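What follows is a set of notes on a single structure, which appears directly below.
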2 protein chains.
Amino acid sequence: MALIVQKFGGTSVGSTERIGQVADKIARFKASGDDLVVVVSAMSGETNRLIGLAKEISGDTPPDPRELDLMLATGEQVSIALLVMALKRRGVAAVAYNGSQVPIITDSSHGKARILHIEDRKLRAELSAGKVIVVAGFQGVDKDGQITTLGRGGSDTTAVALAAALKADECQIYTDVDGVYTTDPRVVPKAQRLDSITFEEMLEMASQGSKVLQIRSVEFAGKYRVPLRVLHSFIDGPGTLITLDEDDNMEQPIISGIAFNRDEAKLTLSGVPDTPGVAFHILGPVSAANIEVDMIVQNISHDGSTDFTFTVHRNDFQAARGILQQVSNELNAREVVGTTDIAKVSIVGVGMRSHAGVASRMFEALARENINIQMISTSEIKVSVVIEEKYLELAVRALHTAFELDKPDETSSAD
Amino acid sequence: MALIVQKFGGTSVGSTERIGQVADKIARFKASGDDLVVVVSAMSGETNRLIGLAKEISGDTPPDPRELDLMLATGEQVSIALLVMALKRRGVAAVAYNGSQVPIITDSSHGKARILHIEDRKLRAELSAGKVIVVAGFQGVDKDGQITTLGRGGSDTTAVALAAALKADECQIYTDVDGVYTTDPRVVPKAQRLDSITFEEMLEMASQGSKVLQIRSVEFAGKYRVPLRVLHSFIDGPGTLITLDEDDNMEQPIISGIAFNRDEAKLTLSGVPDTPGVAFHILGPVSAANIEVDMIVQNISHDGSTDFTFTVHRNDFQAARGILQQVSNELNAREVVGTTDIAKVSIVGVGMRSHAGVASRMFEALARENINIQMISTSEIKVSVVIEEKYLELAVRALHTAFELDKPDETSSAD
């Protein structure tokens, strides 16, 4: 008898009819003998409805994060209650827990809280009693009893954290796609579903804009070695297993997928003195403002001064630019320039560790399409480039073909 | 500097615009120097929306009370968050608390929980820090951390319980009426607003169907000697003070008001043996089913058998009838009869203690209108009768005139 943690997102519980379908699915799983902990998000649209109310009330002033969390947490509280009602109607013993009832202890960073600890005592007792436990995703409680939220997509993180705390056999993330693809099928119709992908690859794919899983949930899953599977909520299929072990498949391709992201903006502080401590002087205030920085590039200096470039989420662009202007004055830098007109494209794969020339093959494919590369950043299993946004689709398709990820052509493979 | 507890109902916080108006009002109060604890209900319509979802999910099976409470409690959690955002926007330091954060400890009777204890430590610290505290009405938490609700109208109870726990100087209930009237002005246009009314009278008025305040809140207020005032949310005025002391006004009228109620149903078990323990045998199972019984009448017996009649809420009529049928078989009674086609009319006033003949004056007024009395029940400050429902308005108007409660005629008082 296995212990499975399942997570259903907002679309999967977007109406009472869909909640009924999810309940049917859970009832079938439960009948097969597994122990189940189910994490659900708010009904789709609900979080936006609540944010809309908060904006109406708050006008130009941003709503206080503490009250916003208190309000947003109600979305999941409603859906866990409804799902348990649906399960009970189907004769399945079930019980609902919100974040503070478990409790899922987080830090106090409202709107983007981090899970510190999950108390498993009550949950284990409920499992022993044969109950399906339905837990509110996305939320927790800090040590002072304040209700916190983990930020958008936080329900995935809740599911993985619960799987880790309970040492579950598998954490299944149900979504509106049937697995992880070599790239976004809307951009490249020949994209293929992967049967498996390693945590490191998934992490890079997620961080590079693949929206299937929230990055923190993959980090968590890798760290606590929780086997993670992505599946479609309403279409049966094997999904994609995110594995611990990259050696499962001897025929591992060099590159597993092409990720991309148009949510970023680029900022450069040019003419900064090339002295120790400068990087910290620049990024310290950005980080203090809770702005996450993605790519950072600093090239060699000329005449004792250099240019410092980094990317942030587009939502943080104006805030980051303001901070940078301040830093520029302090450092006597030349100027601050920035643009939101960029896209990032990455090739990801553990296979590239043992294969030389992967980066140059990438650059060659882009050059062949006359796409200029603005920034380059590399890790052991990933090469990312920043290009002008309008070339994004072209670049992704070119790379997908160059790294032999295209689905075999239906007509020509009929031999 | 006084400590005031204020309660705003669902209509008063029914839209973000109204929440803004309530915030303006609170800001003015706070500016005048008083300490404020504000209790709010869910936005009007929200509780019904949630119940609707629960019904869609549950179909014919009633939703589990535990999950229903978990879900319904979200309504107030949203409105406290919104009100605090509105207050902060107006520069008023404020903080939101849901029932389990205070905590407001209740028993575990989901859907109709009773408050056992309010922990005041955190609230006192917030008041000392100069903050307006906004507390979710209607909800609490039991000793196992389960979220409970107090039942419809429970926000009044929350307000009074908080006022008692904090020893507040006054508990102000803001509503859509500007005070307590001698009777419902929709039925009797000449009904008058009372400047004050005693707790006992208010309790009888409330229990007899006056919807201004929830009966439990009045009980609480009387028990803990919390001065209670009913006021209009958006129209300034003195409202009605519910006083501890009936001797404030030497010119106390005999009758303070006429209350009525069409929510009840009547049940009779006829031909039951007139032996000790029978009343308990009949009402024990009814009470065990959590059905509240209002009037109970048992007259003298004939030939060792008697008829036992009581009234319940119309919603409980079918359930009570089923229970009574069972009891009837056990007791070998003659039959169970019942009807929902009744109304109850009561005259209420502490003045009747010292005035003989009040009941007969009531019966005379009803006889003059040819209204038949089906049941009679009396207390020290109240006489209630059950009549056929269609005569309700006629009876109320006749009694209002008979006890000299009518507003002076505008034209004839112009001398």
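The values are calculated or read from the model by the stated rules, or taken from the named source; none is laboratory data. The structure displayed is predicted, hence computed values, not measured ones. Quick reminder, even Gly has a Cβ in these numbers, built from the backbone with ideal geometry, and neighbours come from all protein chains shown. In case anyone asks, the SASA skips ligands and DNA or RNA and just uses the protein heavy atoms, side chains included. Shrake-Rupley method; radii C 1.70, N 1.55, O 1.52, S 1.80 Å.
Would you say A:Ala163 is in contact (Cβ under 8 Å) with a residue 24 or more places away in the chain, over 29 Å from A:Val385 (Cβ atoms) and open to solvent by less than 10 Å² (accessible area, probe 1.4 Å)? Yes. May I ask you to list the residues in segment A:81-97 that are at the interface with chain B (Cβ under 7 Å from one of its Cβ atoms) and either open to solvent by less than 10 Å² (accessible area, probe 1.4 Å) or without any contact (Cβ under 8 Å) to a residue 24 or more places away in the chain (or both)? Answer for segment A:81-97, where residues must be at the interface with chain B (Cβ under 7 Å from one of its Cβ atoms) and either open to solvent by less than 10 Å² (accessible area, probe 1.4 Å) or without any contact (Cβ under 8 Å) to a residue 24 or more places away in the chain (or both): A:Ala81, A:Leu82, A:Val84, A:Met85, A:Ala86, A:Lys88, A:Ala96. Look at B:Ala343 and say whether it is assigned to a helix (DSSP H, G or I), open to solvent by less than 10 Å² (accessible area, probe 1.4 Å) and either free of Cβ contacts under 8 Å to residues at least 12 places away in the same chain or small (Gly, Ala, Ser) (or both). Against the criterion (assigned to a helix (DSSP H, G or I), open to solvent by less than 10 Å² (accessible area, probe 1.4 Å) and either free of Cβ contacts under 8 Å to residues at least 12 places away in the same chain or small (Gly, Ala, Ser) (or both)), B:Ala343 does not qualify. Does segment B:172-185 include one or more residues that are farther than 25 Å from B:Arg114 by Cβ, outside any loop (DSSP other than H, G, I, E, B) and touching a residue at least 60 places away in the same chain (Cβ under 8 Å)? Yes: one or more hits.
With the condition kept exactly as written, say whether any residue in segment B:133-146 is under 15 Å from B:Thr106 (Cα atoms), assigned to a helix (DSSP H, G or I) and either among the hydrophobic types (A, V, I, L, M, F, W, C) or open to solvent by 20 Å² or more (accessible area, probe 1.4 Å) (or both). No: zero hits. Restricting the search to segment B:200-213, which residues are modelled with pLDDT under 75 and open to solvent by 10 Å² or more (accessible area, probe 1.4 Å)? Selection gives B:Ala206, B:Ser207, B:Gly209, B:Ser210, B:Lys211, B:Val212. Before we move on, is B:Ile105 at pLDDT 95 or above, more than 8 Å from chain A (Cβ to nearest Cβ), open to solvent by 40 Å² or more (accessible area, probe 1.4 Å) and more than 21 Å from A:Ala54 (Cα to Cα)? It is true that B:Ile105 is at pLDDT 95 or above, more than 8 Å from chain A (Cβ to nearest Cβ), open to solvent by 40 Å² or more (accessible area, probe 1.4 Å) and more than 21 Å from A:Ala54 (Cα to Cα). Pairing residues of segment B:32-43 that are in contact (Cβ under 8 Å) with a residue 40 or more places away in the chain with residues that are among the acidic types (Asp, Glu), at Cβ distances under 7 Å and at least 6 apart in sequence or on separate chains, gives B:Val40/B:Glu76; B:Ser41/B:Glu76; B:Ala42/B:Glu76.
Look through B:Ile300, B:Ile323, B:Ile282, B:Ile291 and report the one residue that is touching an Asp or Glu at 6+ places or on another chain (Cβ under 9 Å), over 16 Å from B:Met375 (Cα atoms) and among the β-branched types (Val, Ile, Thr).
B:Ile291 is the lone residue from the list that is touching an Asp or Glu at 6+ places or on another chain (Cβ under 9 Å), over 16 Å from B:Met375 (Cα atoms) and among the β-branched types (Val, Ile, Thr).
Checked against (1) within 19 Å of B:Leu53 (Cβ to Cβ); (2) crowded, with 21+ Cβ neighbours inside 10 Å; (3) hydroxyl-bearing (Ser, Thr, Tyr), A:Ser100 passes all but a single condition, namely (1). Considering only segment B:390-404, I want to know if a residue exists there that is at pLDDT below 90, in a loop (DSSP other than H, G, I, E, B) and touching a strand residue (DSSP E or B) at 6+ places or on another chain (Cβ under 8 Å). No, because not a single residue in segment B:390-404 is at pLDDT below 90, in a loop (DSSP other than H, G, I, E, B) and touching a strand residue (DSSP E or B) at 6+ places or on another chain (Cβ under 8 Å). Among the residues of segment A:29-43, those identified as charged (D, E, K, R) and either closer than 15 Å to A:Arg89 by Cβ or at pLDDT 95 or above (or both) are A:Lys30, A:Asp35. In the set (1) touching a His at 6+ places or on another chain (Cβ under 7 Å); (2) closer than 30 Å to A:Leu405 by Cα; (3) not aliphatic (A, V, I, L, M), the condition left unmet by A:His313 is number (1). Condition test on A:Ile57, is it assigned to a strand (DSSP E or B) and either within 27 Å of B:Glu46 (Cα to Cα) or at pLDDT 95 or above (or both)? Here the answer is no, as A:Ile57 does not meet what is asked.
The residue that is least open to solvent (accessible area, probe 1.4 Å), counting only those in segment B:257-281 that are assigned to a loop (DSSP other than H, G, I, E, B) and modelled with pLDDT of 85 or more, is B:Asp263. Mind listing just one residue for me: the one in segment B:1-21 that is crowded, with 23+ Cβ neighbours inside 10 Å, within 14 Å of B:Val135 (Cα to Cα) and hydrophobic (A, V, I, L, M, F, W, C) and, of those, nearest to the other protein chains (Cβ to nearest Cβ)? Out of the qualifying residues, it is B:Val13. Candidates in segment B:298-328 are the residues that are within 27 Å of the chain's Cα centre (by Cα) and among the polar types (S, T, N, Q); of these, the one that is farthest from B:Asp263 (Cα to Cα) is B:Gln298. Scanning segment B:350-380 for residues that are at pLDDT 85 or above and in a loop (DSSP other than H, G, I, E, B) gives B:Glu369, B:Asn370, B:Ile371, B:Asn372, B:Ile373, B:Gln374.
Condition first: open to solvent by less than 20 Å² (accessible area, probe 1.4 Å), β-branched (Val, Ile, Thr) and part of a helix (DSSP H, G or I). Now tell me which residues in segment A:284-333 satisfy that. Passing the criteria: A:Val286, A:Val327.
Looking across segment A:113-125 at every residue that is farther than 26 Å from B:Gly75 by Cβ and touching a Leu at 6+ places or on another chain (Cβ under 9 Å), the one that is surrounded by the most Cβ atoms within 10 Å (Cβ to Cβ) is identified as A:Ile115.
I'm checking my understanding of the structure. Among residues of segment A:51-67 that are of a type outside the set (D, E, K, R) and at the interface with chain B (Cβ under 7 Å from one of its Cβ atoms), which one is most open to solvent (accessible area, probe 1.4 Å)?
Here the residue is A:Thr61.
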